[in-house]
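Readers should treat all values here as calculations from the given coordinates under stated rules, not as data from a laboratory. Note that the coordinates shown come from a computational prediction; the quantities given were computed from them, not determined experimentally. Virtual Cβ from ideal backbone geometry, glycine too; neighbours counted across all protein chains shown.
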Amino acid sequence: MDTIFIDQLTVDTVIGLYDWERRIRQRVIIDLEMGFDIRQAAATDDVAHTLDYKAVAKRVIAFVEAAEFDLVETLSERITSLILDEFPVQRVTLRLDKPQALRGARGVGIRITRERAA
């Protein structure tokens, strides 16, 4: 399986447990790796046979900007489900970083991998 990736997609959203976090927008940084067979696109040199990563990015940005979750775990699961439901990928690995969430750390977050149900 080949991998198409999007690195450091930066989006502001409402995320967090604390009251002060519910009143502000915080930045999250999303890295995506999507399993997709590129052979047909490579053989034909036709964009119609590949994954439209711009469409994926726009959809993820719109979703995350509108989201209001307490946990990065929930946001991560919902993003991977959205990608698997709406785009022809077999696998998604997502890394979500919430910078400045922990004093003394560059960032904290989560990394998950989900696959399309057989």
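Taking packing as the residue-averaged number of other Cβ atoms within 10 angstrom, the listed peptides 78-85, 26-33 run from highest to lowest as 26-33, 78-85. Between the beta carbons of Ile110 and Asp37, assuming R0 = 22 Å, the FRET efficiency works out to 0.25 to the nearest 0.05. For segment 1-49, chymotrypsin sites (Phe, Trp or Tyr not before Pro) are listed when DSSP marks them as loop and at most 13 other Cβ atoms sit within 10 Å of their Cβ; the list is Tyr18.
With contributions of -39500 (n - 2.57) from each DSSP H run of at least four residues, the per-residue ellipticity at 222 nm computed over the chain stands at -9500 deg cm²/dmol.
Please name whichever of Ile110, Ala48, Thr80 sits farthest to the positive end of the charge dipole of segment 3-115, dipole taken about the Cα centre and charges placed at Cβ: Lys and Arg +1, Asp and Glu -1. Farthest towards the positive end: Ile110. For segment 3-115, pairs of C-alpha atoms spaced more than 16 angstrom apart make up 59 percent of the total. By the Stokes-Einstein formula, at 0.890 mPa s and 25 °C, segment 14-53 with its Kirkwood radius over alpha-carbon pairs has D equal to 181 µm²/s.
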